[in-house]
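I have placed the structure first, in the form of structure tokens, so that the comments after it can refer back to it.
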């Protein structure tokens with residue numbers, strides 16, 4: 001295993017961008033050009049074409065939110081451990097937000113930040129795979145969190161921001177720097193202690209764990225109990241029979 005001290009801390013350097021299409025796109029371009037390294041963080045004051053899961057866009061008001069992409073060298077992690085990195089980032093986002101928003105904060109499988117039943121943020125990790133498709137060369141962790149925005153497009157279902165919850169204004173760039181250090185700490189824990197401590201915390205803060213929700217698979221909508229998430233990142237549900245789903249196989253049916 002590489003020595004942790006040989007790697008720059010995540011968030012080093014911390015690069016602020018005035019306006020960008022997508023911080024993930026920019027980070028991937030910089031990587032391909034050899035202009036980014038492990039630890040490089042790209043923070044945008046404005047993102048005009050942000051990316052979410054399933055090809056959705058992520059719309060945010062200028063200067064009001066945390067828009068960040070972190071370049072990570074997965075080092076000795078195998079491709080089968082992608083969920084472990086995702087959980088590191090999710091727990092870091094949870095810690096940052098819950099510190100201000102309190103105990104109603106949850107991680108919604110696989111990659112969303114929720115407060116009560118409202119979406120406060122999301123994570124999109126994009127990877128560069130090398131060799132014969134087996135070598136995990138780079139991960140770019142894109143993170144968007146609603147901070148000071150109080151007006152949202154009508155098409156968004158149940159959004160919420162830190163300001164709406166607390167009534168306070170925050171400095172998004174300062175929060176982004178703090179988030180970098182939190183991801184760095186959890187990533188180092190993953191490399192030095194393994195996944196178990198991070199996994200247990202992920203489960204402890206899992207949205208709707210032990211509750212029934214509506215899910216949609218293809219055209220089928222069904223009610224199921226959220227039991228668990230496996231160490232490999234599969235959602236475990238119970239509805240007469242136990243069923244596991246990978247990311248993208250099933251959608252939540254949320255009340256609007």
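Residues considered: 179, 156, 85, 113. Of these, the only one that is at pLDDT below 95 and in the same structural domain as residue 29 (by TED's automatic domain parsing) is 156. Any chance the stretch 124-136 includes a residue that's assigned by TED's automatic domain parsing to the domain that holds residue 167, closer than 22 Å to residue 200 by Cα and touching a helix residue (DSSP H, G or I) at 6+ places or on another chain (Cβ under 8 Å)? Taking every residue of the stretch 124-136 in turn, at least one turns out to be assigned by TED's automatic domain parsing to the domain that holds residue 167, closer than 22 Å to residue 200 by Cα and touching a helix residue (DSSP H, G or I) at 6+ places or on another chain (Cβ under 8 Å).
In the stretch 150-175, what residues are in contact (Cβ under 8 Å) with a residue 60 or more places away in the chain and within 19 Å of the chain's Cα centre (by Cα)? Correct list: 156, 157, 158, 161, 162, 172, 173, 175.
Inspect the stretch 125-140 for any residue being surrounded by 12 or more Cβ atoms within 10 Å (Cβ to Cβ) and at positive phi and give the result as yes or no. No; the residues of the stretch 125-140 include none that is surrounded by 12 or more Cβ atoms within 10 Å (Cβ to Cβ) and at positive phi.
Of the listed requirements (1) over 28 Å from residue 195 (Cα atoms); (2) without any contact (Cβ under 8 Å) to a residue 40 or more places away in the chain; (3) surrounded by fewer than 15 Cβ atoms within 10 Å (Cβ to Cβ), residue 254 misses just one: (2).
Do we have residue 97 as in contact with a helix residue (DSSP H, G or I) (Cβ under 6 Å, 6 or more places away or on another chain), at pLDDT 95 or above and under 18 Å from residue 146 (Cβ atoms) here? Here the answer is no, as residue 97 does not meet what is asked. Restricting the stretch 212-225 to residues that are in a strand (DSSP E or B) and without any contact (Cβ under 8 Å) to a residue 24 or more places away in the chain leaves a set whose member that is farthest from residue 240 (Cα to Cα) is 220.
Picking from residues in the stretch 128-149 that are farther than 18 Å from residue 98 by Cβ and under 18 Å from the mean Cα position of the chain (by Cα), the one that is modelled with the lowest pLDDT is 128. Considering the stretch 165-183, and only residues there that are out of contact with any strand residue (DSSP E or B) (no Cβ under 9 Å at 6 or more places or on another chain) and in a helix (DSSP H, G or I), the residue that is surrounded by the fewest Cβ atoms within 10 Å (Cβ to Cβ) turns out to be 174. If the condition is being closer than 20 Å to residue 87 by Cα and outside any strand (DSSP E or B), then the stretch 136-164 contributes only 146.
Scan the stretch 234-248 and tell me whether some residue there is under 18 Å from the mean Cα position of the chain (by Cα), at pLDDT below 95 and surrounded by fewer than 18 Cβ atoms within 10 Å (Cβ to Cβ). Scanning the stretch 234-248, I find at least one residue that is under 18 Å from the mean Cα position of the chain (by Cα), at pLDDT below 95 and surrounded by fewer than 18 Cβ atoms within 10 Å (Cβ to Cβ), so the answer is yes.
The values are calculated or read from the model by the stated rules, or taken from the named source; none is laboratory data. Since we're looking at a predicted model, the values are computed, not measured. Heads up, the Cβs are rebuilt from the backbone with ideal geometry, glycines too, and the neighbour counts pull from every protein chain shown.
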